[in-house]
Amino acid sequence: MHTSTTTVHTTPDTDRAVERLTEAHAVTVNGNIAMSGPLLEELREARYPNLGRTKSGGGGGGDLLDMKAFNLYETTDADVRAWLDHYRQPQPDDLLEATKLLYNTLKAENAGSRLDNPDRMFGMFHIWVQRIEDMFNPPRAYEITAACPVCETEHVADKDGCQLWAVRVPVKEGRALVAECHHCGTLWAGHEQLTALAESMQINVDWVALREFLGLPQNQPQTC
């Protein structure tokens, strides 16, 4: 097995991702500083949106369940615990504590040059932050109007049955631009790959304009 000593993700950026997942933290909202609770805690609470609220009389219905939040929480919990088990670590009952333990375990493994693919392992925390943020505040999708150069697919139906162009770029303030084919799963990230994608599709994409798209709500894609 090849062991890498790369520490690219053991940076303040990853520390920040873990902080956002597990601790109360400051965020910038429209230029103002505000406090936010741990993202994993907010996700946990979002599973039962009416928990703790007074129910109206009659009917006797139970708590409503937000399946999207529930599934994301369960998936994240399972991922964290699977990696703790892999490294033979204890299993804290609380997911926030389990996430901190996993991070500290990975840092110790990496410091001892025992961690295979540090980029992938430390990148998990960034992915979890992104998934939770996207659940609460979904990005807008910029469609590239040409067939995917890998699988040649033009359109793919979304969960509502709308036919969308297969290659799309989710756009959101602070998010790096990444194009994805929603048929074959191919990803293009970074200026070079995105430029190569545009060239292979024989189209001109103004990436500056695409970034500006974030501030132009009138250009949001129409829904069917």
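The values are calculated or read from the model by the stated rules, or taken from the named source; none is laboratory data. Quick caveat: nothing in here was measured; it's all calculated off a predicted structure. Neighbour counts run over all protein chains shown; Cβ positions are idealised from the backbone, glycine included. Accessible surface areas use protein heavy atoms only, side chains included; no ligands, DNA or RNA. Shrake-Rupley method; radii C 1.70, N 1.55, O 1.52, S 1.80 Å.
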TODO: Output yes when any residue across segment 171-191 is exposed (fewer than 11 other Cβ atoms within 10 Å of the Cβ), at pLDDT below 70 and more than 21 Å from Trp128 (Cα to Cα), and no when none is.
DONE: no
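When you look at Val129, is it more than 16 Å from the chain's Cα centre (by Cα) and not small (Gly, Ala, Ser), yes or no?
It is false that Val129 is more than 16 Å from the chain's Cα centre (by Cα) and not small (Gly, Ala, Ser).
Filter segment 100-148 down to residues that are of a type in the set (Val, Ile, Thr) and open to solvent by less than 50 Å² (accessible area, probe 1.4 Å) and give me whichever is farthest from Tyr73 (Cα to Cα). Break it down into steps so the answer makes sense when it comes.
Step one: list which residues in segment 100-148 are of a type in the set (Val, Ile, Thr), which gives 105, 127, 129, 132, 144-145.
Pick out the ones that are also open to solvent by less than 50 Å² (accessible area, probe 1.4 Å) and you get 105, 129, 132, 144.
Details: Thr105: 21, Val129: 12, Ile132: 9, Ile144: 32 Å.
Result: Ile144.
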TODO: Spot the failing condition for Phe125; the list is (1) more than 17 Å from Asp13 (Cβ to Cβ); (2) outside any loop (DSSP other than H, G, I, E, B); (3) assigned by the TED database to the domain that holds Arg16, and only one is missed.
DONE: (1)
Open item on the list: Would you confirm whether or not segment 154-163 contains a residue that is surrounded by 12 or more Cβ atoms within 10 Å (Cβ to Cβ), of a type outside the set (Lys, Arg) and within 24 Å of Thr14 (Cα to Cα)?
Closed with: no
- [ ] Report the residue count in segment 86-99 for those that are under 22 Å from Ala69 (Cβ atoms), in a helix (DSSP H, G or I) and open to solvent by 80 Å² or more (accessible area, probe 1.4 Å).
- [x] 1
Open item on the list: Which residue is nearest to Ile144 (Cα to Cα), if the candidates are limited to segment 161-188 and must be under 18 Å from the mean Cα position of the chain (by Cα) and small (Gly, Ala, Ser)?
Closed with: Ala179
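Yes/no per residue for (1) at pLDDT 90 or above; (2) aliphatic (A, V, I, L, M):
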{"position": "Thr28", "(1), (2)": "no, no"}
{"position": "Ala46", "(1), (2)": "yes, yes"}
{"position": "Gly52", "(1), (2)": "no, no"}
{"position": "Gly61", "(1), (2)": "no, no"}
{"position": "Arg81", "(1), (2)": "yes, no"}
{"position": "Asp85", "(1), (2)": "yes, no"}
{"position": "Gln89", "(1), (2)": "yes, no"}
